[in-house]
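Structure first, then comments.
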Amino acid sequence: STFLSDCYSTWLTYILEQWTGVEYHYLYYIGFILWVLIILLFAPVLIFISVSCFLNLLLHIYKRKNGLDENFSSKSWDNERFMLASILSICGKLLHGYELHGMEKIPEGPGLIVYYHGAAPVDYCWFINTLYIQTGRLCYSVVDRLFAKLPGLQLFLNLLPAAHSGRDESVEILKKGNLLGVAPGGGREGYFSDENYNLLWGNRKGFAQVAIDAKVPIIPLFTQNIQEGYRTLGKIGIFRWLYESSRLPLVPVYGMFPVKLRTYVGDPIPYDPNITATELVEKTKIAIETLRDRHQKLPGSILRALLERFDKHQKED
């Protein structure tokens, strides 16, 4: 077995050497550099998945130790949910000095929270955890089906809690009096929007129809500097082609720069039985763009966002 492996390795090295014209020991160095580049380019994603898996493991230990069932809405999960929210909230404070402004604008009843999707939507994660710590309110979150299927994350996602079964599930969640968060731009907006913070929603209006069917207001949400904390290589054509062809998250996300992040809650857009989904989409876009134009200097600057960590003056809501 070892002999065959060595033969295969030697044969492969010989082929690469003949093909590239580079001596084999240089190929090892090139391979090492490529691995380092891959790790750096996907570092935020790798770190996020690693932390999520670690927290998921802690939740499994807690569940087994306390003999808990799968009823995640039960109060028996409250202590662990609060611990989880506290850990993630501390990470937000340490990494980005995270702040949440305008939380009082969120109505007491149900509502659909619509937010701009950054390259890494960690700001939304810190929003729902800050909301829970300060008010005790859970905010359900629409997550990508692919992300929901990642091994080792199910318990973590169920406790957030996450929704990924489509429009009917979303309407049902809202009709039960809950908050629900969604990013209409999804992965495309995250990967291909840039420091100009353009909304890339295409023709998506399912979220607006959900709000109409559930008869709930829409609450706009925007986070200052989210594109400065995390960037992508979405402007490179090959990555755009890979994403559009496969819908897989193959676009490198890099950064995790310790910029200042502030999330702003906008004025709710009330339910109107006479409005169409198309009209509601436009009103929501205008609301988020208004938050963006009020709180974000365009185009965004990583250096300026870093310096804002030391600026004690808070922007007005």
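The values are calculated or read from the model by the stated rules, or taken from the named source; none is laboratory data. All values reported here derive from a predicted model rather than from experimental measurement. Please note: Cβ atoms are built from the backbone with ideal geometry, for glycine as well, and neighbour counts cover all protein chains shown. When the accessible area is computed, the model is the full protein with side chains, heavy atoms only, and any ligands, DNA or RNA have been set aside. Shrake-Rupley method; radii C 1.70, N 1.55, O 1.52, S 1.80 Å.
When Phe222 is tested against (1) of a type in the set (Phe, Trp, Tyr); (2) within 30 Å of Arg309 (Cα to Cα); (3) assigned to a loop (DSSP other than H, G, I, E, B), just one condition goes unmet, and that condition is (3). Residues that are under 21 Å from Leu174 (Cα atoms) and under 16 Å from the mean Cα position of the chain (by Cα) within the range 132-157 comprise Cys139, Tyr140, Ser141, Val142, Val143, Asp144, Arg145, Ala148, Leu157, listed in sequence order.
In the range 139-164, which residues are open to solvent by less than 50 Å² (accessible area, probe 1.4 Å) and either free of Cβ contacts under 8 Å to residues at least 40 places away in the same chain or not small (Gly, Ala, Ser) (or both)? Cys139, Val143, Ala148, Leu153, Leu155, Phe156, Leu157, Leu159, Leu160, Pro161, Ala162, Ala163, listed by residue number. For the range 83-129, a residue qualifies if it is in contact with a helix residue (DSSP H, G or I) (Cβ under 7 Å, 6 or more places away or on another chain) and at positive phi, and exactly one does: Gly97.
Looking across the range 193-210, just one residue is in contact with a strand residue (DSSP E or B) (Cβ under 7 Å, 6 or more places away or on another chain) and aliphatic (A, V, I, L, M), and that is Val210.
Is it true that some residue in the range 220-242 is modelled with pLDDT of 95 or more and either among the aromatic types (Phe, Trp, Tyr) or farther than 17 Å from Val122 by Cβ (or both)? Yes, the conditions are met somewhere in the range 220-242. Of the helices (runs of 4 or more DSSP H) lying entirely inside the range 69-184, those containing at least 1 residues that are acidic (Asp, Glu) span 78-96, 122-135, 167-175. The set of residues in the range 186-203 being in a loop (DSSP other than H, G, I, E, B) and either farther than 17 Å from Lys283 by Cβ or at pLDDT below 95 (or both) consists of Ser193, Asp194, Glu195, Asn196, Tyr197, Asn198, Leu200, Gly202, Asn203. Considering only the range 231-262, state which residues are free of Cβ contacts under 8 Å to residues at least 40 places away in the same chain and not hydrophobic (A, V, I, L, M, F, W, C). Result: Gly237, Glu244, Ser245, Ser246.
Table: residues versus (1) under 23 Å from Ile106 (Cα atoms); (2) open to solvent by less than 70 Å² (accessible area, probe 1.4 Å); (3) not acidic (Asp, Glu).
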{"residue": "Arg247", "(1), (2), (3)": "no, no, yes"}
{"residue": "Ile269", "(1), (2), (3)": "yes, yes, yes"}
{"residue": "Thr278", "(1), (2), (3)": "no, no, yes"}
{"residue": "Asp293", "(1), (2), (3)": "yes, no, no"}
{"residue": "Ala305", "(1), (2), (3)": "no, yes, yes"}
{"residue": "Asp311", "(1), (2), (3)": "no, no, no"}
